[in-house]
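The values are calculated or read from the model by the stated rules, or taken from the named source; none is laboratory data. None of the values given here were measured: they were computed from a predicted structure. Heads up, the Cβs are rebuilt from the backbone with ideal geometry, glycines too, and the neighbour counts pull from every protein chain shown.
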Amino acid sequence: MDSTLSLLGMDREELTALVSNAGQPSYRAKQIMDAVYRQRVETLEEISTLSREFREKLAASGVEVGAARIEKKFKSVDGTVRYLIGFGDGQSVETVWMPEGDGGEAGDGSEAGKEAESEASTSGAKAQFLEEGFNAGLEGLLHPAKNRTGQDRGKLGRSTICISSQVGCAVDCQFCLTALLGVKRNLTAGEIVGQVCVVLKDQGVSPPEDRINLVFMGMGEPFLNYENFMKASRLLVEAVGIAERRMTVSTAGIVPRIHDFGEEKIRPKLAISLNASNDALRTRLMPLNKKWNLEMLIAVARDFPLRAREWVTFEYVLLGGVNDHPENARETAELLRGLRCKVNLIALNPGPGIDFTTPSGERVAAFQEILRAAAIPAFVRRPRGRDIYAACGQLKRTVEIATSPVVRQEQISPMPSAPHEG
Ligand code: SAH
């Protein structure tokens with residue numbers, strides 16, 4: 001495996017070098033880019049624009065496409081699909097597809113995005129897709145691309161793909177299932193982009209014709225895999241065709257990287273997992289707060305160079321009786337005063353081994369109200385795919401979790417014999 005070289009993950013410069021080393025004209029690089037990122041081929045043989053001879057030469061020198069593989073797929077009653085996606089070394093991550101109705105302009109699942117986009121989309125088309133999503137059934141689940149016709153194009157509204165940046169996670173947030181895995185390794189840029197390519201292909205959609213939002217909110221801490229995450233972001237914009245403004249990255253608060261991120265020419269929008277209103281509480285819930293405390297975090301957020309019509313999103317996971325008191329809402333409002341931001345409130349998604357409770361709807365609404373009264377836009381994020389463990393903080397490799405019996409479960413290809421233990 002070590003001697004192979006994946007095309008997926010290579011940018012224009014690297015591909016140009018590859019083709020020129022092979023004595024080929026530079027336009028071959030563009031052909032490879034189109035094949036890998038737009039057509040989303042899985043094998044060299046499929047790159048029909050290249051001569052057989054050149055393809056064979058590439059293969060002989062250990063070059064492969066390096067496409068990700070769908071190992072399992074779970075579909076929620078709400079249409080959300082959770083994919084277990086495997087890579088060459090037997091490691092896997094989870095990637096979530098949320099059809100229409102989540103995502104929004106910010107691509108982060110808030111009502112804010114919904115409001116912002118409602119002008120641009122036709123509600124009839126949305127309703128139609130929703131119905132299609134619910135009725136797609138097994139055939140639709142296995143071969144969604146087959147069920148789509150030309151006229152479906154663009155009807156997907158605000159579908160969102162939630163992607164992972166690491167296998168597991170090293171940030172020990174006490175309420176998150178992924179944290180229980182620890183971190184196994186970083187994903188390469190190709191593996192990050194590969195998740196998007198394989199899901200787009202499986203869903204039979206293609207940006208920019210279909211509007212796709214992307215959130216780096218799956219497994220892992222993107223800012224602890226910064227270079228690969230950034231390279232993947234650029235490839236997603238420049239090669240796959242996803243608009244920059246439709247991508248959002250969420251960080252647990254790696255302060256120096258937030259600073260670096262602000263200087264990037266091409267970058268997704270920024271979301272920060274706040275989750276607590278004072279240092280004592282945040283350190284208890286997110287031990288990384290010892291290293292980068294609220295003062296440092298809020299300072300870097302205040303300095304963040306926002307673009308036109310851009311704001312920082314703060315996520316706040318509400319844990320019953322822990323960080324959901326009116327006093328916490330008031331402290332949060334105080335912290336964020338004057339910052340161009342919005343807050344996404346997420347009621348805890350429960351999971352095995354997570355010792356917190358989900359607050360009541362009234363409690364969540366009361367928290368939201370206090371923020372709003374303090375002129376801070378606050379939205380409650382609708383949980384997606386909770387029944388299949390696809391919601392925020394529930395991503396942990398599929399095979400380790402007993403999913404609810406009501407869930408339709410498809411094993412697309414046999415699991416590799418290596419055990420997928422966490
Ligand atoms: N590591 C990054 C990216 C993951 S995003 C980050 O922390 O931002 C995942 C989001 O889900 C974060 O905002 C996190 O606070 C939230 N989350 C984690 N566990 C959760 C849970 N059990 N219920 C609801 N939200 C959760």
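Values as computed for the structure displayed
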item	result
Top-ranked residue of region 50-77 - restricted to ones that are farther than 30 Å from Ala390 by Cβ and of a type in the set (Lys, Arg), ranked as surrounded by the fewest Cβ atoms within 10 Å (Cβ to Cβ)	Arg52
Candidate set from region 244-254 (those that are crowded, with 22+ Cβ neighbours inside 10 Å and not hydroxyl-bearing (Ser, Thr, Tyr)); member that is nearest to Asp172 (Cα to Cα)	Ala252
All positions within region 359-376 that are outside any helix (DSSP H, G or I) and either within 23 Å of the chain's Cα centre (by Cα) or surrounded by fewer than 17 Cβ atoms within 10 Å (Cβ to Cβ) (or both)	Ser360, Ala374, Ala375
Identity of the residue in region 1-49, touching a residue at least 24 places away in the same chain (Cβ under 8 Å), β-branched (Val, Ile, Thr) and surrounded by 13 or more Cβ atoms within 10 Å (Cβ to Cβ), that ends up nearest to Asp202 (Cα to Cα)	Val41
Conditions (1) outside any loop (DSSP other than H, G, I, E, B); (2) within 13 Å of the ligand (Cβ to nearest atom); (3) not aliphatic (A, V, I, L, M): number failed by Arg245	(2)
Filtered residues of region 284-311 (kept if part of a helix (DSSP H, G or I) and among the aliphatic types (A, V, I, L, M))	Leu285, Leu288, Leu294, Met296, Leu297, Ile298, Ala299, Val300, Ala301
Filtered residue count, region 30-45, keeping only those that are over 28 Å from the mean Cα position of the chain (by Cα) and closer than 17 Å to Gly190 by Cβ	0
Among the candidates Glu362, Glu315, residue that is of a type outside the set (A, V, I, L, M, F, W, C) and more than 14 Å from the ligand (Cβ to nearest atom)	Glu362
Selection count, region 17-46, where residues are in contact with a helix residue (DSSP H, G or I) (Cβ under 6 Å, 6 or more places away or on another chain), assigned to a helix (DSSP H, G or I) and under 17 Å from Ala59 (Cα atoms)	6
Filter pass, Thr188 being of a type in the set (S, T, N, Q) and buried (at least 22 other Cβ atoms within 10 Å of the Cβ)	no
Odd one out for Val183 among (1) buried (at least 21 other Cβ atoms within 10 Å of the Cβ); (2) closer than 27 Å to Pro287 by Cα; (3) of a type outside the set (Asp, Glu)	(1)
Some residue of region 272-291 being among the charged types (D, E, K, R) and in contact with a strand residue (DSSP E or B) (Cβ under 7 Å, 6 or more places away or on another chain)	no
Residues that are free of Cβ contacts under 8 Å to residues at least 60 places away in the same chain, out of contact with any Lys or Arg (no Cβ under 7 Å at 6 or more places or on another chain) and within 16 Å of the ligand (Cβ to nearest atom), drawn from region 337-351	Cys341, Ala347, Pro350
Residues (away from the ligand (no atom under 12 Å from the Cβ) and over 14 Å from the mean Cα position of the chain (by Cα)) located in region 218-242	Tyr226, Glu227, Asn228, Lys231, Arg234, Leu235, Val237, Glu238, Ala239, Val240, Gly241
Residue match in region 205-220 (condition: assigned to a helix (DSSP H, G or I) and either without any contact (Cβ under 8 Å) to a residue 40 or more places away in the chain or in contact with a helix residue (DSSP H, G or I) (Cβ under 9 Å, 6 or more places away or on another chain) (or both))	no
Condition broken by Arg257, with the remaining ones in (1) surrounded by fewer than 24 Cβ atoms within 10 Å (Cβ to Cβ); (2) within 13 Å of the ligand (Cβ to nearest atom); (3) under 20 Å from Gly9 (Cβ atoms) satisfied	(3)
Given (1) surrounded by 19 or more Cβ atoms within 10 Å (Cβ to Cβ); (2) away from the ligand (no atom under 16 Å from the Cβ), number of the condition Glu334 does not satisfy	(1)
Qualifying position, being crowded, with 17+ Cβ neighbours inside 10 Å and either among the charged types (D, E, K, R) or at pLDDT 95 or above (or both), among Arg381, Arg408	Arg381
Boolean, Ile266 is crowded, with 23+ Cβ neighbours inside 10 Å, more than 13 Å from the ligand (Cβ to nearest atom), of a type in the set (A, V, I, L, M, F, W, C) and not in a helix (DSSP H, G or I)	no
